[in-house]
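Visitor: I have a structure I would like to understand better, so I am pasting it below and will then ask my questions one at a time.
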Amino acid sequence: MNDIPQVRNIMISLYADDTAILSQGKTPDKAIVPLQNYLKNLETWLVRWKIKLNVDKTEAILFNKKNDDWPKVKVYGTPIEWKKEVKYLGVVLDKQLNFRVH
């Protein structure tokens, strides 16, 4: 896993079979575009190493205060819907990071 693609401004967190990828930017589109580019590179890496990614289990969340309709990122050509909250390693993260669920 040491050769997993890494680029500036994209953080990747791996634990067992769970992966979180974080892209940040001053505006959502400045985070989404680099994230989509990273996902394309990751797809190539996954194919090379014969690792299957379950697109049906793939989730995306955009941490922001507005309810704007931003373009969806795609994994293997499948658009991933933006969720209002996701669960990662038992922690529920909502789009405004207020942790009200806990």
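The values are calculated or read from the model by the stated rules, or taken from the named source; none is laboratory data. Remember, it's a predicted structure, so these values are computed and weren't measured experimentally. Please note: Cβ atoms are built from the backbone with ideal geometry, for glycine as well, and neighbour counts cover all protein chains shown.
Visitor: Inside region 53-79, can you point out the residues that are touching a residue at least 24 places away in the same chain (Cβ under 8 Å) and on the phi > 0 side of the Ramachandran plot?
Guide: Residue satisfying the conditions is Tyr76 alone.
Visitor: Quick check on region 12-26. Is at least one of its residues part of a helix (DSSP H, G or I) and of a type in the set (Lys, Arg)? Talk me through it step by step, then tell me what you get.
Guide: Within region 12-26, the subset part of a helix (DSSP H, G or I) is none.
Checked against the condition, which is being part of a helix (DSSP H, G or I) and of a type in the set (Lys, Arg), region 12-26 yields no hits at all.
Visitor: Under 22 Å from Gln96 (Cβ atoms), of a type outside the set (A, V, I, L, M, F, W, C) and assigned to a helix (DSSP H, G or I), is that true of Lys66?
Guide: Judged against the criteria, Lys66 is not a match.
Visitor: Scan region 1-32 for residues that are touching a Leu at 6+ places or on another chain (Cβ under 8 Å) and exposed (fewer than 10 other Cβ atoms within 10 Å of the Cβ) and jot them down.
Guide: Met1, Tyr15 - these are the residues of region 1-32 that are touching a Leu at 6+ places or on another chain (Cβ under 8 Å) and exposed (fewer than 10 other Cβ atoms within 10 Å of the Cβ).
Visitor: Looking at this structure, is Tyr76 within 12 Å of the chain's Cα centre (by Cα), farther than 22 Å from Val91 by Cβ and surrounded by 12 or more Cβ atoms within 10 Å (Cβ to Cβ)?
Guide: On the way: within 12 Å of the chain's Cα centre (by Cα): no; farther than 22 Å from Val91 by Cβ: yes; surrounded by 12 or more Cβ atoms within 10 Å (Cβ to Cβ): yes.
Judged against the criteria, Tyr76 is not a match.
Visitor: What pairs come out if I take residues in region 80-100 that are within 16 Å of Asp18 (Cα to Cα) and pair them with residues that are among the acidic types (Asp, Glu) whose C-beta lies under 9 Å away, six or more apart or interchain?
Guide: Final answer for the pair search is Val86/Glu59; Val86/Asp94; Lys87/Glu59; Tyr88/Asp18; Tyr88/Glu59; Leu89/Asp18; Val92/Glu85; Leu93/Glu85.
Visitor: Starting from residues that are outside any strand (DSSP E or B) and in contact with a strand residue (DSSP E or B) (Cβ under 8 Å, 6 or more places away or on another chain), keep the ones in region 83-100 and report whichever is farthest from Lys66 (Cα to Cα).
Guide: Leu89
Visitor: Can you find a residue in region 33-47 that is at pLDDT below 95 and loosely packed, with under 15 Cβ neighbours inside 10 Å?
Guide: No, there is no match, as no residue in region 33-47 is at pLDDT below 95 and loosely packed, with under 15 Cβ neighbours inside 10 Å.
Visitor: Right, next: Can you tell me which residue is farthest from Ile10 (Cα to Cα) among those in region 48-64 that are surrounded by 14 or more Cβ atoms within 10 Å (Cβ to Cβ) and among the hydrophobic types (A, V, I, L, M, F, W, C)?
Guide: Leu53
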